[in-house]
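This report refers to the structure that appears directly beneath it.
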Amino acid sequence: MRTKFKNANEAYEYYLDKIIIDGVDFDNTKALFNVGFYMRDPLDNHITNKERKWKLDYAKAEWQWYLSGDRSIDKLGELYGKIPPIWERMADADNNVMSNYGWQWERNNQIDYVIGKLRNDHNTRHAAISIYDGKEYNKYRKDTPCTYAVQFTILNNKLNMSVYMRSNDIWYGFCNDQYQFSMLQKLVAEPLNMDLGWYYHHAHNMHLYNDKL
């Protein structure tokens, strides 16, 4: 499989076709396992494929929701003008979700920790943010975060980032998640006064639901 792409749209189109052609039947999806690839320009993060009809205004609203640290889907509704049904299905009785990544990375001040580690030691291997945590699986009854962790590394005075996901739907999940994580990479790079290097994206299970085939 191809492992290097210029941007997110190029990766999306390649793996969409790859899943349709080579994916295995798995739980109402076609799936590929242990998919990993680099995107050389993380901020070239718009999905321009015409069939996909990706919405930049939604991606921007989701990013602002994450920046707010408010895991209530009502906050997303305020920012976007409506609440997408997928979030309504995932919310608990108080309209909160576990998959608000901003709320997750603000837990225990993980962003500040990562920036501090990178600032003090350009060779650190400690600059990692955890999201999915098997030790709190009892909290995932309706909503299980799709991302395990995000790790940052400085090479050649550029900030590089790796994202590790347990599950990633190529149609919805990848298109929106890559935008959020590339913005996170930018957020971490700015106080370090660094340009962005590569973004590496790994999914244990990358899939397409059968209704999109």
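The values are calculated or read from the model by the stated rules, or taken from the named source; none is laboratory data. The model shown is predicted, which means the values in this text are computed figures rather than measured ones. A quick note on method: Cβ atoms are made from the backbone with ideal geometry, for glycine too, and the neighbour counts reach across all protein chains shown. The area values use the complete protein model at the heavy-atom level, side chains included, leaving out ligands, DNA and RNA. Shrake-Rupley method; radii C 1.70, N 1.55, O 1.52, S 1.80 Å.
Quick notes
- Residues in the stretch 48-60 that are open to solvent by 10 Å² or more (accessible area, probe 1.4 Å) and at negative phi: Thr48, Asn49, Lys50, Glu51, Arg52, Trp54, Lys55, Leu56, Asp57, Tyr58, Lys60.
- Those residues of the stretch 161-202 which are out of contact with any helix residue (DSSP H, G or I) (no Cβ under 8 Å at 6 or more places or on another chain), under 22 Å from Arg125 (Cβ atoms) and assigned to a strand (DSSP E or B), in sequence order: Ser162, Tyr164, Gly197, Trp198, Tyr200, His202
- Within the stretch 73-104, the set of residues being hydrophobic (A, V, I, L, M, F, W, C) and either in contact with a Leu (Cβ under 7 Å, 6 or more places away or on another chain) or under 13 Å from Ala61 (Cα atoms) (or both) comprises Ile73, Leu76, Leu79, Ile83, Trp87.
- Of all the numbered requirements in (1) under 17 Å from the mean Cα position of the chain (by Cα); (2) buried (at least 19 other Cβ atoms within 10 Å of the Cβ), Ile73 misses one, and that requirement is (1).
- Note on the stretch 28-56: residues that are free of Cβ contacts under 8 Å to residues at least 24 places away in the same chain and farther than 14 Å from Asp177 by Cα total 3.
- Of residues in the stretch 141-157 being more than 19 Å from Thr3 (Cβ to Cβ), in a strand (DSSP E or B) and not β-branched (Val, Ile, Thr), the one most open to solvent (accessible area, probe 1.4 Å): Tyr148
- Where a residue in the stretch 92-115 is open to solvent by 50 Å² or more (accessible area, probe 1.4 Å) and its partner, wherever it lies, is assigned to a helix (DSSP H, G or I), with Cβ under 6 Å and at least six apart: Asn95/Ile73; Asn95/Asp74
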